[in-house]
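These notes are about the structure you will find just below.
The values are calculated or read from the model by the stated rules, or taken from the named source; none is laboratory data. Here the structure is a predicted model, which is why all the values come from computation and not from measurement. All Cβ positions, glycine included, derive from the backbone under ideal geometry; neighbour counts span all protein chains shown. Just so you know, the surface numbers come from the protein's heavy atoms only, side chains and all, with ligands and any DNA or RNA stripped out. Shrake-Rupley method; radii C 1.70, N 1.55, O 1.52, S 1.80 Å.
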Amino acid sequence: KYCVGGEACDVTGIMGRDINAWDRIAVMPDKCGKGFQPGFPEATGAITEGIVLFKSRQPTDYSCADTVAEEMEGVTSNWGCRRINVDAGLFKLCFCTPREGSACEQAGD
């Protein structure tokens, strides 16, 4: 996956061994568990939900492209469809699963 600064970052559709709809991902600059990459807008510390399927309160929204500004508060995928503000670089996509008892809210989770 790749994202462009100044645009929404779409990470839905990620597939992998044992990844499911409950899992979350975070962008980290260097190594998973060592701190979040600044510039990702979600207030929960750069963690986003909805990595397998797009999650929104509006059943007619299937991606950030379908979501108007007034509906963004109900989106838990893709950092709320908000624009990212980060310089170019290579970063780690780190996933966390709350199925193992983790809250998935801190960088070390």
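Shown is the FRET efficiency for Glu100 and Glu70, computed with R0 = 30 Å from the Cβ-Cβ distance and rounded to the nearest 0.05: 0.25. Using only the Cα atoms of the range 1-43, each taken as one equal point scatterer with no solvent, compute I(q) by the Debye sum, divide by I(0), and report log10 of the ratio at q = 0.19, 0.24 Å⁻¹. Rounded to two decimals, the profile gives -0.74, -1.11.
A DSSP coil position with no more than 14 other Cβ atoms inside 10 Å describes the following chymotrypsin sites (Phe, Trp or Tyr not before Pro) in the range 1-59: Tyr2, Trp22. Listed by chain and number, the aspartates and glutamates whose C-alpha is less than 12 Å from the C-alpha of Lys92, apart from same-chain residues fewer than 8 away, are Asp30.
Dimensions of the range 50-109 based on its C-alpha atoms, expressed as ranges along the principal axes with the largest first, amount to 33, 32, 17 Å. Dipole size of the chain about its Cα centre, with +1 on Lys/Arg Cβ and -1 on Asp/Glu Cβ: approximately 340 debye, rounded to the nearest 20. Restricting attention to the chain, close to 90% of DSSP beta bridges with both partner residues there are antiparallel.
Across the chain, C-alpha contacts under 8 Å between residues 6 or more apart give a mean separation that, scaled by the residue count, equals a relative contact order of 39 percent.
From the coordinates of this entry, Cα extents along the principal axes in Å is computed, and it appears in (i) 50, 22, 17; (ii) 47, 34, 16; (iii) 35, 32, 23 under the label (iii). Taking a straight Cα-Cα cut-off under 16 Å and skipping sequence neighbours fewer than 8 places away in the same chain, the aspartates and glutamates within cross-link reach of Lys31 are Asp109.
The mean sequence separation of alpha-carbon pairs under 8 Å and at least six residues apart, normalised by the residue count of the range 48-97, gives a relative contact order of 36 percent.
Expressed as a whole percent, the accessible surface of the range 1-103 that belongs to carbon and sulfur atoms is 52, based on a 1.4 Å probe.
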